[in-house]
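This report refers to the structure that appears directly beneath it.
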Amino acid sequence: MTHAKRLASQLTEETVLGEWFHPMDRALDKVRFSEKPFASLPMREFILFGCLRQVQAVSTLREMIQNLFHANGQAVKPPVARSTLSDALSSRHRRDILVKTLSQLIDNAQRSLPDKLAPIKGIGKRAIIATDATYPKESCHFYPISPSQGGTDNKKGHQHLTHFDMRTGIPLMSHVETESIAEIKWLKEGLRSAELDCMAIKSAIHVVDRAFIDARYWDGLKIKLQSTMITRMKSNLKFELIAQRVVAENETNQGVISDNTIMLESSTRPWRRIDFIAPDGERYYYLTHDFDLEPGVIAFLYHRRWDIEKYYPGTLEGYR
């Protein structure tokens, strides 16, 4: 533990890495915990080396630390001699600390970062949350066993279900699931016990991809929390045209071809289908049950997900 602390201090003292890691240091200072359960890596160093491992795409945390051994010219022993159970992501103690630290980081970021969506009319102070599921190649199981092989692992890899605050462009929470389960089913059933449940935020606007279309689920969320959903229209969704809505001629609605009220076969409540042509000439059809937002705002918010995808290329991938 002493060698790991000394190495971390050398890497972060008056360095760019230290400035980059400073918000995490401040957040950790506000979370009370004991270092005693950690046999080889203190919590701060566990997070620091873990971040470096992700940035440098190193396979394991231990390998990352051993690679940094050369940074300390006076060291005679590697900073970590072995890997222990308490250093694994399955450590409940580390998980609890990470959840509390994340809350501090999110609170600080949301108070200090500018609201990128402030000029958008009609959204008020509502939370705008983008949610997506990805399957990173890296897995904590070296040999995943899929259901066809007699196991429960998802053959595509571990599913990361991540929520993003679109106003500030920061990730709010990422849930990891190893079992083979549909994305919308996990969203509906698997997150109820989460300490930071983004689906429980009142009056939120959820911007999701087509894998999350489940009209009855979103109808229920609208009734319970006044939260609404925006997504791309699936070509095989069956619906009935009820009425054509008037599209106001203003700058916000540039590119909007039509805005129609429809009844989905899978719902007993009205929805909207918006036909939109992007500046590059690409045509899109959007689906929402939010009847307060301008159709141009619906199109803009969905396209804004692409900005998040570019900023977090390893997290939001292939969501279209």
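Scanning the stretch 235-252 for residues that are at pLDDT below 95, within 12 Å of residue 273 (Cα to Cα) and surrounded by 13 or more Cβ atoms within 10 Å (Cβ to Cβ) yields a single hit, 237.
State which residue is farthest from the chain's Cα centre (by Cα) when the search covers only the stretch 160-184 and only residues that are among the small types (Gly, Ala, Ser) and either within 12 Å of residue 132 (Cα to Cα) or surrounded by 17 or more Cβ atoms within 10 Å (Cβ to Cβ) (or both). The extreme case among them is 169. Checking residue 107 against (1) on the phi < 0 side of the Ramachandran plot; (2) modelled with pLDDT under 90; (3) exposed (fewer than 14 other Cβ atoms within 10 Å of the Cβ), which single condition isn't satisfied? Condition (2) is where residue 107 drops out. Considering each of 37, 42 in turn, give the residue that is in contact with a His (Cβ under 8 Å, 6 or more places away or on another chain) and of a type outside the set (A, V, I, L, M, F, W, C). It is 37. Taking the numbered list (1) in a helix (DSSP H, G or I); (2) out of contact with any helix residue (DSSP H, G or I) (no Cβ under 9 Å at 6 or more places or on another chain) in turn, residue 300 passes all entries but (2).
Among the residues making up the stretch 257-296, those that are β-branched (Val, Ile, Thr) and surrounded by fewer than 21 Cβ atoms within 10 Å (Cβ to Cβ) are 257, 261, 262, 268, 277. Residues that are of a type in the set (A, V, I, L, M, F, W, C) and touching a residue at least 40 places away in the same chain (Cβ under 8 Å) number at least 1 in the following strands (runs of 3 or more DSSP E) confined to the stretch 143-257: 159-165, 170-177, 205-208, 228-232.
Residue under question is residue 29, and the condition is that it be surrounded by fewer than 12 Cβ atoms within 10 Å (Cβ to Cβ) and modelled with pLDDT of 80 or more; does it hold? When the stated conditions are applied, residue 29 passes them.
The values are calculated or read from the model by the stated rules, or taken from the named source; none is laboratory data. Not measured: the values here are computed from a predicted model. So basically every Cβ, Gly included, is an ideal-geometry build from the backbone, and we count neighbours across all protein chains shown.
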